[in-house]
Every structure is written in structure tokens, then in C-alpha cells.
Amino acid sequence: MASRVIAREVRCTPGTVSKWRVRHAKERIAGLSETGDRGNEPKYGPEHGQRILALLDQPPPTGYSNWTAPLLARELVDIHEQQIWRFLRAQKIDLSGRKSRCHSTDPDFVPKAADIVGLYMSPPTNAVVLSVDEKPSIQALVSGCA
């Protein structure tokens with residue numbers, strides 16, 4: 001039978017049929033065995049995943065607020081971006097959910113931040129706490145700064 005006819009009948013691609021026919025022609029019945037080495041050796045191992053995780057523990061390069069898969073791939077050089085995405089999905093790591101750190105050059109930043117957070121957490125009796133900031137989306141992040 002033709003490879004296309006067999007492929008239709010067993011619901012696979014003609015390429016798959018051709019591969020098995022070549023195996024059978026070369027090794028007869030032994031070529032149809034499912035045991036033995038098949039396919040390429042894995043390109044990435046556990047050590048690659050550990051390198052990805054180690055880099056995620058480092059701050060991103062200057063000019064970036066957080067890591068992205070393309071940025072990780074650029075830094076790691078030998079790990080493809082798609083493999084990084086596969087690894088992150090397998091580990092249930094969401095890069096967009098990772099929080100960035102902010103660094104202040106003000107030596108009094110910590111006491112000032114503690115005062116502001118203290119007002120929100122425990123405002124004085126009958127007091128109204130108002131906050132004016134040119135970037136209102138970061139108001140709630142003050143307590144998250146390291």
C-alpha cells in the first residue's frame with residue numbers, strides 16, 4: 001500500500017509511515033520495536049533551569065525594572081527564549097507578577113516611609129490622611145520598597 005493510504009487508515013502523517021517503513025526495511029521486525037534510543041538527546045538539563053532561577057534572584061540589568069524572557073535569554077546566551085518560557089511555565093513562575101525593588105538615595109528614606117505607612121495603618125483619632133503624589137499608582141507600593 002502507498003504511504004498516504006496507510007497514513008489515512010491509521011490516522012497519522014505520511015512522514016510517520018515513511019519513517020516506520022524505513023526502519024522496517026533496514027532492521028526488519030526489530031526496527032518496529034518501541035524500545036531503544038529514539039530522537040535527539042535533550043538539549044537542556046536541570047542545570048539550565050538552575051541557571052535561570054539563579055539569574056532571577058539577581059536584580060535585572062541597569063535600565064530594566066524586571067526580568068523578561070528575552071532579557072534572560074540575552075544574559076544566559078546559550079538558553080533559547082522559548083526554553084526559558086517553557087521552564088517558567090513548568091515552574092509556575094509569572095515574570096509579570098514579580099515585584100521590582102525601588103532604591104532611594106535619601107538617607108532618611110526608611111524613617112520617612114515608616115512614618116507614612118504608620119499613618120495609614122494607625123491614623124490618629126478623628127484624623128484624615130491625605131496623600132498627594134505625582135504618580136498615584138505607586139502610593140501603595142511605598143511599604144514594598146527595600
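Scanning segment 92-114 for residues being surrounded by 11 or more Cβ atoms within 10 Å (Cβ to Cβ) and at pLDDT 80 or above gives a total of 7.
Output the residues belonging to segment 20-75 that are assigned to a loop (DSSP other than H, G, I, E, B) and under 30 Å from ARG4 (Cβ atoms). SER33, GLU34, THR35, GLY36, ASP37, ARG38, GLY39, ASN40, listed by residue number. Considering only segment 115-138, I want to know if a residue exists there that is within 33 Å of the chain's Cα centre (by Cα), surrounded by 10 or more Cβ atoms within 10 Å (Cβ to Cβ) and at pLDDT below 60. Taking every residue of segment 115-138 in turn, at least one turns out to be within 33 Å of the chain's Cα centre (by Cα), surrounded by 10 or more Cβ atoms within 10 Å (Cβ to Cβ) and at pLDDT below 60.
Looking at the structure I just gave you, is ARG86 assigned to a helix (DSSP H, G or I), over 30 Å from SER3 (Cα atoms) and either within 33 Å of the chain's Cα centre (by Cα) or not aromatic (Phe, Trp, Tyr) (or both)? Yes: the conditions hold for ARG86.
The values are calculated or read from the model by the stated rules, or taken from the named source; none is laboratory data. Because the structure is predicted, anything quoted here is derived from the model rather than measured. We place every Cβ from the backbone using ideal geometry, glycine too, and count neighbours over all the protein chains shown.
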